[in-house]
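In what follows, a structure is listed as structure tokens, so that the remarks can point back to it.
We did not get these values from a lab; they are worked out from the coordinates using the rules stated. A quick note: this is a predicted structure, and the numbers were derived from the prediction, not measured. As a convention, Cβ positions derive from the backbone with ideal geometry for all residues, glycine included, and neighbour counts pool all protein chains shown.
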Amino acid sequence: MVWYEEEVKRVENIKNTLQYQPKTIFYGSSSIRLWTTLYEDFKEFQPVNLGFGGSTLEACVYFFDRIMQPYQKYNPEHMVVYAGDNDLGDGKNADQVFASFKVLLNKVQQCFPGMQFTYISIKPSISRRSIIGNIRRANQLIQEHLDTCGPGYFFIDIFDKMLDASGNPVPGLFDADGLHLSPAGYTVWKDVLLTHISLNVEGSLTRL
């Protein structure tokens, strides 16, 4: 995990730059880190972007205590997670990704009891078409588990919303590398998440 060190140090420093007490934590891989409009998109819910580049679910578990401990004092109300994409890209199978997810969720519950939790489904990246079956299976396992966790635990499907009528990934939603999101891709994610927050989460969130 040493290759994440500089990124994790960057994330650790974010707490020193915030002008408010964060209430919505975004955590995960580059799809979170590179969301340049995130603070504006979710400004009324006091967000903090704790994504770090290239991270896996396994890495999110490994660094969780180190990154999240300073935020316990703020009593955040909602966490949004996107991770698992890179685990599969590194050769892990869906069951291994699911195992890491359960460990992460357990850490969330221990660190922030009572906090609402949203997991964004793993996206159908153009560059990872060869593992699309594993992506679907990992999403299914995670969704089924969250469905058993009771109120306040949510699985948000962005997978199908990034496909065209033929079931193929929409090129315009991805960057040139076929892996990261384009501005249009982030617009899709923003709209889905804001709708989700409005319908399922908003009533319990503190606004600026």
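Numbers below:
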{"quantity": "Farthest toward positive dipole pole in the chain [+1 Lys/Arg, -1 Asp/Glu at C-beta], among His78, Gly178, Val188", "calculated": "His78"}
{"quantity": "Size of electric dipole in segment 136-208: Cβ of Lys, Arg +1 and of Asp, Glu -1, about Cα centre, debye, nearest 20", "calculated": "120 debye"}
{"quantity": "Once the Cα gyration tensor of the chain is diagonalised, semi-axes √(5λ) in Å", "calculated": "24, 19, 18"}
{"quantity": "Charge-dipole axis of segment 1-55 as Lys and Arg at +1 and Asp and Glu at -1 on Cβ define it, positive-most pick from Trp3, Gln19, Trp35", "calculated": "Gln19"}
{"quantity": "For Asn13, net neighbour charge (Lys/Arg +1, Asp/Glu -1) across residues whose Cβ lies under 12 Å away", "calculated": "0"}
{"quantity": "The chain - share of DSSP beta bridges that are antiparallel (%, nearest 5)", "calculated": "10 percent"}
{"quantity": "Set of aspartates and glutamates near Lys23 by C-alpha distance (under 14 Å), chain-local residues within fewer than 8 positions excluded", "calculated": "Glu44, Glu77, Glu202"}
{"quantity": "Sum of side-chain charges, Asn49 neighbourhood, beta-carbon under 14 Å (Lys, Arg +1; Asp, Glu -1)", "calculated": "+2"}
{"quantity": "Out-of-range pairs (alpha-carbon distance over 18 Å; input Lys123/Lys190; Lys73/Lys107; Lys107/Lys161; Lys161/Lys190; Lys43/Lys190; Lys15/Lys73)", "calculated": "Lys107/Lys161"}
